[in-house]
DNA sequence: GCGACAG
DNA sequence: ATCTTGTCGC
């Protein structure tokens, strides 16, 4: 075996298939391209008013997956009234996922269905269109500064906020003792500290979302909103650790998935 | 070999 | 994301 063959052999064994590598290179170009349109300041009047006067509808999105089939999922979009946080719109849709989950490229797996859900709402009842979306995952706190919340924001032109349950360790950010100590110093719900990468950029913030949670959530700018506004808004939506719009989207997509899975098994069994 | 790896 | 029960605490 020549040295060249050994190199090829290593690539095949250790790395993802070449097709997927080519795909992620394409995805990377797409992210870099879309990122040029990102807006990281407040664009809406309600964002600078006290108590977000003028904000009436806030959306949440999520996807749930069954354990037995990695091709099917339930995509959900909910809209809550603000500040009451009551669900005024719910849409769950079974979908066939086309892309695998690859860290750093979550949007290419989930975002198409979320864009569909927004388009569907626009046709069904435009008056229920959310004025801001909370997205499961990160915004600019991302390998290339363009996480799923940015991606969805650009494709829908809606203000978006990234809400992640775990710290994505990029740009030198680490969930180390130093980080954990800062978390322990967060006293009350609403307390937060900025996440500054080795690049010097403020990538997001760790937020103690409610008094009871010892583990923070990680907030980052998606589109058309600042980090400061995002932190205030997300905190104002937290009855529990996970902000209500995302929590409701999560609960409802899970339920819908269970219901649909049960039905498909019934028809398969012939009952 | 070990840790990371949004969802 | 999903796999998983009870359990300790307020």
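For region A:126-153, a residue qualifies if it is part of a helix (DSSP H, G or I) and either buried (at least 24 other Cβ atoms within 10 Å of the Cβ) or at pLDDT below 95 (or both), and the qualifying residues are A:148, A:149, A:150, A:151, A:152, A:153. If you go through region A:74-85 one residue at a time, do you hit one that is more than 22 Å from residue A:239 (Cα to Cα) and modelled with pLDDT of 95 or more? Yes, there is a match, as at least one residue in region A:74-85 is more than 22 Å from residue A:239 (Cα to Cα) and modelled with pLDDT of 95 or more. Only residues that are at negative phi and either part of a helix (DSSP H, G or I) or modelled with pLDDT under 95 (or both) were counted across region A:27-60, and they come to 14. The number of residues in region A:176-196 that are modelled with pLDDT of 95 or more and either more than 23 Å from the chain's Cα centre (by Cα) or closer than 30 Å to residue A:30 by Cβ (or both) comes to 3.
Residues that are in contact with a helix residue (DSSP H, G or I) (Cβ under 6 Å, 6 or more places away or on another chain), modelled with pLDDT of 95 or more and part of a loop (DSSP other than H, G, I, E, B) do not occur anywhere in region A:157-175.
For residue A:236, the criteria (1) more than 16 Å from DNA strand C (Cβ to nearest atom); (2) in contact with a strand residue (DSSP E or B) (Cβ under 7 Å, 6 or more places away or on another chain); (3) under 24 Å from residue A:58 (Cβ atoms) hold in every case but one, which is (2).
Taking region A:105-120 as the range and being in contact with a helix residue (DSSP H, G or I) (Cβ under 6 Å, 6 or more places away or on another chain) and either over 23 Å from residue A:221 (Cβ atoms) or within 16 Å of DNA strand C (Cβ to nearest atom) (or both) as the test, the residues that pass are A:105, A:106, A:107, A:108, A:111, A:114. For residue A:214, the criteria (1) surrounded by 15 or more Cβ atoms within 10 Å (Cβ to Cβ); (2) within 16 Å of DNA strand C (Cβ to nearest atom) hold in every case but one, which is (1). Please determine, by comparing only the residues of region A:69-87 that are free of Cβ contacts under 8 Å to residues at least 60 places away in the same chain and within 15 Å of DNA strand B (Cβ to nearest atom), which one is farthest from residue A:222 (Cα to Cα). Once the filter is applied, the top-ranked residue is A:69.
The set of residues from region A:88-105 being within 12 Å of DNA strand B (Cβ to nearest atom) and either within 21 Å of residue A:153 (Cβ to Cβ) or surrounded by 15 or more Cβ atoms within 10 Å (Cβ to Cβ) (or both) comprises A:97, A:99, A:101, A:102, A:103, A:104, A:105. When region A:61-96 is filtered for residues that are out of contact with any helix residue (DSSP H, G or I) (no Cβ under 6 Å at 6 or more places or on another chain), closer than 26 Å to residue A:141 by Cβ and more than 11 Å from DNA strand C (Cβ to nearest atom), only A:82 remains.
For every residue, the table says whether it meets (1) in a loop (DSSP other than H, G, I, E, B); (2) on the phi > 0 side of the Ramachandran plot.
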residue	(1), (2)
A:187	yes, no
A:200	yes, yes
A:206	no, no
A:228	no, no
A:231	no, no
A:240	yes, no
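The values are calculated or read from the model by the stated rules, or taken from the named source; none is laboratory data. Note that the structure is predicted; figures quoted are calculated from it, not measured. For neighbour counting, all protein chains shown are included, and Cβ atoms are generated from backbone atoms with ideal geometry for every residue, glycine included.
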